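The values are calculated or read from the model by the stated rules, or taken from the named source; none is laboratory data. Just so it is clear, the model here is predicted, and its values are computed rather than measured. When we count neighbours, we look across all protein chains shown, and the Cβ atoms used for this are built from the backbone with ideal geometry, even at glycine.
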Amino acid sequence: MRPEKSLRIGIDIDGTVTDPSSIVPLMNESFGKNLRYEQCTDYNLATIYDITEEEFLLWLDRHGERLYDVAPVHGTADVVLRQWHQSHRLIYISAREARHMDVTVKWFERYQIPFHDIDLIGSHDKLSAAQKWQVDLFLEDRLENALQLSEELHIPVFLFDTPYNQGMLPALVQRVTSWEEVQDKLLHLPVR
């Protein structure tokens, strides 16, 4: 059963639309490690790679553009988002910095992933952006964001299952393992 109204869907980019494992090979290359994605059980990769937060931020500053350019699409995100584009407003809210808008837009164009708005906020705190865009639903991979958005905005959040976001979830946060599952859950989402 399809929701009867168009939804304003807030969508994280990295780890949600892009494959969540895509950062690992680049981090391994830079830091001389041979970690597997499954070993990344903490969202804070500085902890996983035994580096300082400052070293990680410097790495991201130097390699972010490359990371955002080479990341593969997460499963069938492109297919599902093309289907949603006509029915729902797709608002991408990302911790990427605004200076990465060009590489972000080119990546979306390369994979023919539609969007209505892209908001690169430069912070993991997505609450004010989600409020500004008045989203009805959010798709995320970071547990802390999912919990905050569902609690503060009283909206459903679909949390993509990863090694780094395990834990108990409140009723409004539903764990998903694929974009096909997201598609199915959206079709059965109660209309508010």
Query raised in the report: Looking at SER22, SER87, SER94, which one is under 22 Å from PRO156 (Cα atoms), surrounded by 15 or more Cβ atoms within 10 Å (Cβ to Cβ) and touching a Leu at 6+ places or on another chain (Cβ under 9 Å)?
Result: SER94
Query raised in the report: Looking at segment 165-187, which of its residues are within 22 Å of GLU144 (Cβ to Cβ) and among the small types (Gly, Ala, Ser)?
Result: GLY167, ALA171
Query raised in the report: Of the residues GLY122, GLY64, which is assigned by TED's automatic domain parsing to the domain that holds ARG36, within 14 Å of ILE13 (Cα to Cα) and surrounded by fewer than 21 Cβ atoms within 10 Å (Cβ to Cβ)?
Result: GLY64
Report summary line: Picking from LEU143, LEU139, LEU149, the residue that is more than 15 Å from ARG8 (Cβ to Cβ) and in the same structural domain as GLY15 (by TED's automatic domain parsing) would be LEU143
Requested in this report: Those residues that are basic (Lys, Arg) and assigned to a helix (DSSP H, G or I), I need them from segment 14-73; list them, please.
Outcome: ARG62, ARG66
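Which of the residues that make up segment 144-171 are assigned to a loop (DSSP other than H, G, I, E, B) and crowded, with 16+ Cβ neighbours inside 10 Å?
ILE155, PRO156, THR162, PRO163, TYR164, ASN165, LEU169
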Query raised in the report: Are there any pairs with C-beta distances below 9 angstrom linking a residue in segment 160-178 that is touching a residue at least 40 places away in the same chain (Cβ under 8 Å) and at negative phi to a residue that is in a loop (DSSP other than H, G, I, E, B) and among the aromatic types (Phe, Trp, Tyr), with the two at least 6 apart or on different chains, and if so which?
Result: THR162/TYR43; TYR164/TYR43; ASN165/TYR43
Query raised in the report: Name the pairs whose Cβ atoms lie under 6 Å apart, with the first residue in segment 40-69 and more than 16 Å from ALA95 (Cα to Cα) and at pLDDT 95 or above, the second loosely packed, with under 15 Cβ neighbours inside 10 Å and not β-branched (Val, Ile, Thr), and 6 or more positions between them or separate chains?
Result: ALA46/GLU53; ILE48/ASP42
